[in-house]
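The values are calculated or read from the model by the stated rules, or taken from the named source; none is laboratory data. Keep in mind that this is a model prediction, so the values were computed, not measured. A quick note on method: Cβ atoms are made from the backbone with ideal geometry, for glycine too, and the neighbour counts reach across all protein chains shown. To get the accessible areas, we keep the full protein, side chains included, count just its heavy atoms, and leave off ligands, DNA and RNA. Shrake-Rupley method; radii C 1.70, N 1.55, O 1.52, S 1.80 Å.
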Amino acid sequence: MILKPQDVYVALKIVSSGPNRPPYAQLASELNMSASEVHAAVQRAEAAHLLHGPKLKNRPNYMAIEEFLLHGLKYVFPAEHGVVTRGMPTSYAAEPLRSKVAQGSDLVPVWPSETGTVRGVAFAPLYRTAAASAKRDPVFYEYLALADALRDGRIRERKAAEGELHRRFQQANAKHKS
């Protein structure tokens with residue numbers, strides 16, 4: 001079993017969906033993927049222990065996801081930068097970090113997008129449909145931006161992303177237990 005970037009993408013969508021995981025068809029529609037791609041991603045994420053199995057409705061394994069994001073993501077799926085382009089801000093240039101981290105004068109990381117309004121340096125997302133999917137789901141967008149900060153951020157951005165993810169995962173885990 002080899003974990004793919006879209007497996008993390010799907011797992012973060014499930015995390016952002018709250019306590020009731022949407023059906024595969026709905027996830028596929030919201031992620032601009034096929035239902036079979038989503039199903040395969042869920043199976044791989046489950047095999048990697050990022051999601052609990054069917055007995056627990058493939059609920060996120062928050063501790064495992066957090067550990068993987070904090071300690072493995074940047075090594076397994078490192079950031080890939082491109083040319084200056086228009087796109088959708090990510091990493092420290094998007095919420096929730098944008099309001100917490102001082103912005104410098106450098107061009108910000110963006111997911112290339114024809115409808116993007118920000119000029120920045122191309123930053124390859126975990127999955128090619130991230131910009132379109134994130135536009136429709138602000139919570140999912142924030143999780144993807146936090147993951148990108150962990151993939152490529154400087155220490156200040158990484159620490160801010162780590163703290164924010166830890167806080168969110170603790171809250172979500174507490175809701176699942178109650």
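In this structure, residue 121 qualifies as open to solvent by 30 Å² or more (accessible area, probe 1.4 Å), free of Cβ contacts under 8 Å to residues at least 60 places away in the same chain, touching a Leu at 6+ places or on another chain (Cβ under 6 Å) and of a type in the set (A, V, I, L, M). For the range 21-50: of the residues being of a type outside the set (A, V, I, L, M, F, W, C) and closer than 21 Å to residue 74 by Cα, which is most open to solvent (accessible area, probe 1.4 Å)? Here the answer is 49. Any residue that is within 24 Å of residue 172 (Cα to Cα) and among the polar types (S, T, N, Q) - is there at least one of those in the range 36-54? Yes: one or more hits. In the range 62-110, the qualifying residues are those that are modelled with pLDDT under 95 and among the polar types (S, T, N, Q), and the one that is most open to solvent (accessible area, probe 1.4 Å) is 105.
In the set (1) touching an Asp or Glu at 6+ places or on another chain (Cβ under 8 Å); (2) more than 19 Å from residue 8 (Cβ to Cβ); (3) among the small types (Gly, Ala, Ser), residue 149 fails one condition alone, (2). Does residue 168 satisfy the criteria of being over 17 Å from residue 87 (Cα atoms) and buried (at least 16 other Cβ atoms within 10 Å of the Cβ)? Yes, satisfied.
Results for (1) of a type outside the set (Phe, Trp, Tyr); (2) within 17 Å of the chain's Cα centre (by Cα), shown as yes or no for each residue.
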| position | (1), (2) |
| --- | --- |
| 77 | no, yes |
| 85 | yes, no |
| 97 | yes, yes |
| 105 | yes, no |
| 110 | yes, yes |
| 114 | yes, no |
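If you go through the range 125-140 and keep only what is under 19 Å from residue 68 (Cα atoms) and either open to solvent by 10 Å² or more (accessible area, probe 1.4 Å) or among the polar types (S, T, N, Q) (or both), you end up with 125, 126, 127. Out of everything in the range 6-20 that is in contact with a helix residue (DSSP H, G or I) (Cβ under 7 Å, 6 or more places away or on another chain) and under 14 Å from residue 173 (Cβ atoms), what residue ends up being most open to solvent (accessible area, probe 1.4 Å)? The selected residue is 19.
Is it the case that the range 35-55 has a residue that's in contact with a helix residue (DSSP H, G or I) (Cβ under 8 Å, 6 or more places away or on another chain) and among the hydroxyl-bearing types (Ser, Thr, Tyr)? The answer is no, given that none of the residues of the range 35-55 is in contact with a helix residue (DSSP H, G or I) (Cβ under 8 Å, 6 or more places away or on another chain) and among the hydroxyl-bearing types (Ser, Thr, Tyr).
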